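Some notes on the structure that comes next.
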Amino acid sequence: MFCLSELEDTVRVPPSDLNLPLEVAIKKALQKLFLDKVLSIGLCVSIYGIKSIEGGFVLPGDGAATYKVRFRIVVFRPFVGEVIAAKFKESDSNGLRLTLGFFEDVYVPAPLIPTPNRCEPDPYNRNQMRWVWKYGDDEFIIDDSCQIKFRVENISYPPVPTERAEDAKPFAPMVVTGTIDDDGLGPVSWWEACAPISDDED
Amino acid sequence: VRIRFPSLVHSAMSGEEEENAAELKIGDEFLKAKCLMNCEVSLILEHKYEQLQQVSEDPMNQVSQVFEKSLQYVKRFSRYKNPDAVRQVREILSRHQLTEFELCVLGNLCPETAEEAVAMVPSLKTKGRAHSDEAIEKMLNDLSLVKRFE
């Protein structure tokens, strides 16, 4: 979910921005430093506001002014156990990849997809595998036809790689592992207009 | 991509809140941050977007991809659109001895029955907490009365 976090940090305003009103210059510097970055408290999606600005000293040899700033940011911060609504992005033999638009590193590995299921080549997309859940006599394809709810099982923060291969996937500083194998989870169409289940099933 | 660790400032939280968070085993950092529902974030980001529009002719140049996509997400996954409704939702949920986390999950997912609510937020039924199915149904009923569009 999203959280409002208060932070204190040292901000450098470059000489080129010193003619701007102070709050505007500081906000610009904060956006450059924090927007779309993963911090220990989450992924920063917006600067909320500045609470206080102190300093403005120019250090020897530096043309920029340095300020101590207290400010608040809006972060996206998933919690283990939290149920989140997402959309299908792609799938392969390892499992599903879901997206929130602003954050695209949510993975549902095969063991967290309800069983029985099967993985087969996607007839509509040569490069993809698709997952199909079998429930009774019905089969449900997992695709982008509706919203998918997942529960956060784990969040990891891989270390920044020191070397990258030419064709390596873009680095993901935060990776969420989710499950769709539980009541109310998975594509929402699985739960809409649910007929009551008789007692001797399941 | 850079990862920064500025110092976190401790904000004052009541003793009761700390106890509940411990039960949920969410961790200390949760205590220092205020959780927001998607509908609240939607109001915040829309307001910021409007401010930018007033300042420049092409606001999307200034607004980064992550801001735009976050706004898209919270607009899509918010049931309540106008500020009064959003305020009412938080008021109603605040009356029911929920932690900030539980309040936001319920406000985001809008379960229709007590059973759904407990499936989304199992901690509602943690031993020692007084959330009967009747109490949960009453809360969901109050929520359903909030006018979504005015």
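The values are calculated or read from the model by the stated rules, or taken from the named source; none is laboratory data. Treat the numbers as computed from the prediction; the structure is a model and nothing was measured. As a convention, Cβ positions derive from the backbone with ideal geometry for all residues, glycine included, and neighbour counts pool all protein chains shown.
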Task: Residues that are within 14 Å of chain B (Cβ to nearest Cβ) and of a type outside the set (S, T, N, Q), drawn from the stretch A:95-116 - done: A:Leu98, A:Leu100, A:Gly101, A:Phe102, A:Phe103, A:Glu104, A:Asp105, A:Val106
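Just to verify a result, which residue in the stretch A:152-182, among those that are within 12 Å of the chain's Cα centre (by Cα) and in a loop (DSSP other than H, G, I, E, B), is surrounded by the fewest Cβ atoms within 10 Å (Cβ to Cβ)?
A:Tyr157
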Open item on the list: Return the residues of the stretch A:137-166 that are touching a residue at least 12 places away in the same chain (Cβ under 8 Å) and either touching a His at 6+ places or on another chain (Cβ under 6 Å) or over 30 Å from B:Tyr73 (Cα atoms) (or both); say none if nothing qualifies.
Closed with: none
Task: Residues located in the stretch B:85-130, provided they are of a type in the set (Gly, Ala, Ser) and assigned to a helix (DSSP H, G or I) - done: B:Ala85, B:Ser94, B:Gly107, B:Ala114, B:Ala117, B:Ala119, B:Ser123
- [ ] For the stretch B:91-141, enumerate the residues that are surrounded by fewer than 19 Cβ atoms within 10 Å (Cβ to Cβ), among the charged types (D, E, K, R) and within 13 Å of another protein chain (Cβ to nearest Cβ).
- [x] B:Glu112, B:Glu115, B:Glu116
- [ ] Please go through the stretch A:41-86 and pick out each residue that is surrounded by 14 or more Cβ atoms within 10 Å (Cβ to Cβ), hydroxyl-bearing (Ser, Thr, Tyr) and more than 22 Å from B:Lys75 (Cβ to Cβ).
- [x] A:Thr66, A:Tyr67
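Any idea which residue in the stretch B:29-63 is modelled with the highest pLDDT, counting only those that are among the β-branched types (Val, Ile, Thr) and within 22 Å of A:Ala29 (Cβ to Cβ)?
Checked the stretch B:29-63; the qualifying residue modelled with the highest pLDDT is B:Ile44.
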Task: Yes/no for A:Lys32 being within 13 Å of chain B (Cβ to nearest Cβ), of a type in the set (Lys, Arg) and within 24 Å of the chain's Cα centre (by Cα) - done: yes
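Going through the stretch A:108-122 one residue at a time, which ones are out of contact with any Asp or Glu (no Cβ under 6 Å at 6 or more places or on another chain) and either outside any strand (DSSP E or B) or surrounded by 20 or more Cβ atoms within 10 Å (Cβ to Cβ) (or both)?
Once the filter is applied, which keeps residues that are out of contact with any Asp or Glu (no Cβ under 6 Å at 6 or more places or on another chain) and either outside any strand (DSSP E or B) or surrounded by 20 or more Cβ atoms within 10 Å (Cβ to Cβ) (or both), the stretch A:108-122 yields A:Val108, A:Ala110, A:Pro111, A:Ile113, A:Thr115, A:Pro116, A:Asp122.
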